Amino acid sequence: MIKNLSVSASIKAKIKTTTRSISLITSAVLLSSTASFAAYAQSEQQQALYDIAKNVSAENIEKDITTLVNFGTRHTLSETESDTRGIGAARRWIKSEFDRISAECGGCLEVYYQSEVISGEKRIPDPVEVVSVIAIQRGTTDPDRYVIMSGDIDSRVSDVMDFTSDSPGANDNASGVAGTLEAARVLSKYKFNGSIVYAALSGEEQGLFGGRIMANQAKKDGWRIKAVLNNDMIGNIEGVNGVINNTTARLFAEGTRVTETEKEARMRRFTGGEVDSPSRNLARYIDKIADKYIENLDTMVIYRLDRFGRGGHHRPFNDLGYPGIRIMETNENYTRQHQDLRVEDGIAYGDTLDGVDFDYAAKLTGLNAVSLAAMAWAPNPPANVEIAGAVQPSTFLKWDALDAEENPQLKGYKVYWRHTDAPQWEYSKYVGNVTEAMLENVVIDNYFFGVASVNKDGVESVVVYPGPAGSFGE
């Protein structure tokens, strides 16, 4: 938590001394977070991140979206017995694809259905089994730490209860499912320290039920979830406002956790953290990934849970306090969302294949894949980060040492800070494999601060803001 720390004797000595060279912690000048970390500039894993982005195939994504569209409708209440039409056929095909990917990597994926019978709901009045498809790529040293990529299986037309009409759902959201499958194909060729989950979730249009089921089960099973990347519409580049642009994407990230206690809220009022929730710092992390590894893509971090008054499958995870964001196109076309197939006043309505840019969907899939890989290779984000420095010239940070068996790749830690009105981290300093650091003559009142862990190849975790407002958990 954020409080007046009991400063160690070593830190006290550093405060008293005027010798700039006495310690690594007190000798560094401010470094821009965009400057290269020279010791790791050409590391094997960092090169692999570039390769991962390049290996995503637009052709595979087009093929998978086409297959999903050809099931006619994937409405949650639609046909389940047919092998060619409806939600049942779609989810069986998705599972067969995950099984095939797993076979090609020697069984590296654990593939299973996850389901629950839902009834008595406004959009599911009668009992319906909501079935998602989950594939887990287990980490080698820290398998209980998870990062998740998801897309939604189901589709709909104008009437949310119409489960018989053709509902192609090419962009919403065959694009997200196809991206998730392609990320699994690419990343299954590598091994990671943490676990990666690929999820094709059902029941989104009827009330986010697949996400609720998965989030509740994850909490019950004690999953240490560090990131949920919900991909919902990643293929449209032509907006209803006439803008056509394939170079931007949006990252929606909520602020203060909905699970915050009254005590934590009081603490946050005096110490900050409104814009440094785990979801916000997850979004900043992915924004930085885009800048470094994804060609011709600029991401917009949007300080909101989702689009105005709307929601997506990351929300059930946010509801339980897990870090989660929505990744999606910048330019939506509402004539292609939730629409009956028709032509009116010369406008073709409906979510069909001709509204999907497959190269753009591949670009956003690459962003997901690189982000998942980086977080799974990086050590666990620092836990129990604390800060002090009120009415002092310098700022002090400390955190718990990471478990050495779970994080054998750990090199050390990096401290970040930025001006309070800056959207992205501006300054950083690598402080070594220590559990406390001092920023000399950096006044706590003027900046926001955080700590990331760094592996031996220079791949970093998400930055963790001090105290409960920014905690990623253990």
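The values are calculated or read from the model by the stated rules, or taken from the named source; none is laboratory data. Small disclaimer: the values here were computed from a predicted structure and weren't measured. Here Cβ is always computed from backbone atoms with ideal geometry, including for glycine, and neighbour counts include all displayed protein chains. Side chains are part of the model used for accessible areas, which takes the heavy atoms of the whole protein and leaves out ligands, DNA and RNA. Shrake-Rupley method; radii C 1.70, N 1.55, O 1.52, S 1.80 Å.
Quick check on my filter: what residues within the stretch 160-203 are open to solvent by less than 10 Å² (accessible area, probe 1.4 Å), in a loop (DSSP other than H, G, I, E, B) and under 20 Å from residue 55 (Cα atoms)?
Scanning the stretch 160-203 gives a single hit, 192.
Taking the stated definitions as given, is residue 263 under 20 Å from residue 147 (Cβ atoms), open to solvent by 20 Å² or more (accessible area, probe 1.4 Å) and outside any loop (DSSP other than H, G, I, E, B)?
Considered against the rule, which asks whether it is under 20 Å from residue 147 (Cβ atoms), open to solvent by 20 Å² or more (accessible area, probe 1.4 Å) and outside any loop (DSSP other than H, G, I, E, B), residue 263 comes out as no.
Residues that are buried (at least 23 other Cβ atoms within 10 Å of the Cβ) and among the small types (Gly, Ala, Ser): which strands (runs of 3 or more DSSP E) entirely in the stretch 371-474 hold 2 or more of them? Please lay out each step first, then the result.
Working: elements: 386-388, 395-398, 410-419, 427-432, 436-439, 447-455.
By residue number, 447-455.
Specify which of the listed residues (115, 150) is touching a strand residue (DSSP E or B) at 6+ places or on another chain (Cβ under 6 Å), modelled with pLDDT of 95 or more and either farther than 29 Å from residue 341 by Cα or surrounded by fewer than 22 Cβ atoms within 10 Å (Cβ to Cβ) (or both). Break it down stepwise before answering.
On the way: 150 fails: either farther than 29 Å from residue 341 by Cα or surrounded by fewer than 22 Cβ atoms within 10 Å (Cβ to Cβ) (or both).
Exactly one residue qualifies, and that residue is 115.
Would you please list the contacts, defined by Cβ atoms under 6 Å and residues six or more apart or on different chains, that run from a residue in the stretch 241-270 that is within 19 Å of residue 423 (Cα to Cα) to a residue that is open to solvent by 40 Å² or more (accessible area, probe 1.4 Å) and at pLDDT 95 or above?
As it stands, the answer is 248/298; 250/300; 251/301; 252/304; 254/305; 255/274; 256/274, since those pairs meet every condition given.
Kindly evaluate residue 12 against the criterion of being modelled with pLDDT under 50, open to solvent by 30 Å² or more (accessible area, probe 1.4 Å), more than 30 Å from residue 116 (Cα to Cα) and in a loop (DSSP other than H, G, I, E, B). Break it down into steps so the answer makes sense when it comes.
On the way: modelled with pLDDT under 50: yes; open to solvent by 30 Å² or more (accessible area, probe 1.4 Å): yes; more than 30 Å from residue 116 (Cα to Cα): yes; in a loop (DSSP other than H, G, I, E, B): no.
Judged against the criteria, residue 12 is not a match.
Determine, yes or no, whether residue 154 is under 25 Å from residue 97 (Cα atoms) and assigned to a strand (DSSP E or B).
Details: under 25 Å from residue 97 (Cα atoms): yes; assigned to a strand (DSSP E or B): no.
Here the answer is no, as residue 154 does not meet what is asked.
Taking the residues in the stretch 86-101 that are open to solvent by 10 Å² or more (accessible area, probe 1.4 Å) and touching a residue at least 24 places away in the same chain (Cβ under 8 Å) as candidates, determine which candidate is nearest to residue 179 (Cα to Cα).
Of the stretch 86-101, the ones open to solvent by 10 Å² or more (accessible area, probe 1.4 Å) are 91-93, 95-97, 99-100.
Filter again for touching a residue at least 24 places away in the same chain (Cβ under 8 Å), leaving 91, 93, 95, 97.
On the way: 91: 15, 93: 15, 95: 15, 97: 13 Å.
Only one residue tops the list, namely 97.
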